[in-house]
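A.B. asks: So that we are looking at the same thing, I have put the structure below in structure tokens.
Nothing in this text is a laboratory measurement; each read-out follows from the coordinates by a stated rule. Just so we're clear, the structure is a prediction, and the values are computed from it rather than from any experiment. Here Cβ is always computed from backbone atoms with ideal geometry, including for glycine, and neighbour counts include all displayed protein chains.
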Amino acid sequence: MAVKKFEEVCDILDRHGREASRLIPVLQEVQKIYGYLPQEVLTFVATSLSLPPARVFGVATFYAHFNLEPKGRYVFRLCDGTACHVKGSEDILDALREKLGLSDEKDTTSDLMFTVETVSCLGACGLAPVMTVNDKVYGQVTPQRAVEVIDEILNQAEEDDNEK
């Protein structure tokens, strides 16, 4: 655990009075620092709140908004609800995975640039098939368009690197 991040975790715990009843807000703030909840941090939080580590891990795995693995800088969420599925979301998922070298077992690229996830519903059935990249919504997506979005992100990252 990097010292600076460790100090931030200690500050979070102190702000919440090291109260076990504040576990969820503590975990939410800790996740903002790391982008996910590392195992050693969960254990430290458990000890600091006088809770069994299994209870903290149980809470972290129960709620879908907590991540136990690092996510990519760009998180693609592909809807696989009924409307999107019928309109070809599986083909889009296959195209994204092929372009990024991902699979069912591996949803984040090794360089932590991209994560591809499926979700049950994004609530935009009229745009089916739909995906989001971070907070940006893409509607009526095709496999080709999904790959183009990746290429656009990569091109922008390259331009940003060249400007430095």
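A.B. asks: What's the magnitude of the charge dipole for the range 28-93 around its Cα centre, counting Lys and Arg as +1 and Asp and Glu as -1 at the beta-carbon? Answer in Debye, nearest 20.
C.D. replies: 160
A.B. asks: Around TYR74, which amide H atoms from residues at least 5 apart in sequence, or from another chain, sit under 5 Å from its own amide H, with H modelled in the peptide plane?
C.D. replies: Sorted by chain and number, the residues that satisfy this are PHE114, THR115.
A.B. asks: Shifting gears a bit: Using helices alone, I'd like the mean residue ellipticity at 222 nm for the chain: each DSSP H run of four-plus residues gives -39500 (n - 2.57), total over residue count, nearest 500.
C.D. replies: Result for the chain: -15500 deg cm²/dmol, rounded to the nearest 500.
A.B. asks: Out of the DSSP beta bridges found with both residues in the range 12-164, what percent are antiparallel (nearest 5)?
C.D. replies: 55
A.B. asks: Turning to a different aspect of this structure: Taking H placed 1.01 Å from N in the peptide plane, check which residues at least 5 places from VAL119 or on another chain put their amide H under 5 Å from its amide H.
C.D. replies: Those qualifying (amide H under 5 Å, at least 5 residues apart or on another chain) are LEU78, CYS79, ASP80.
A.B. asks: Quick check on the range 36-116: take the gyration tensor over C-alpha atoms, sort the square-rooted eigenvalues as a ≥ b ≥ c, and tell me if it's rounded (a/c under 1.5), prolate or oblate.
C.D. replies: Since a/c reaches 1.5 and a/b is larger than b/c, the shape of the range 36-116 is classed as prolate.
A.B. asks: Looking at (i) 140; (ii) 107; (iii) 130, which value of volume of the Cα convex hull per residue in Å³ comes from a calculation on the structure shown?
C.D. replies: Identified label for the calculated read-out: (i).
A.B. asks: Evaluate the distance, in nm, between pseudo-label points positioned 7 Å from the Cα of CYS10 and of GLN140 along their respective Cα→Cβ axes.
C.D. replies: Placing both labels 7 Å along Cα→Cβ, they lie 5.6 nm apart.
A.B. asks: Given an 8 Å cut-off on Cα distances and at least 6 residues of separation, report the relative contact order of the chain as a percent.
C.D. replies: 19 percent.
A.B. asks: Quick one: which of LYS32/LYS87; LYS4/LYS71; LYS99/LYS164; LYS5/LYS106 span more than 30 angstrom between C-alpha atoms?
C.D. replies: In this structure, LYS32/LYS87 exceed 30 Å between Cα atoms.
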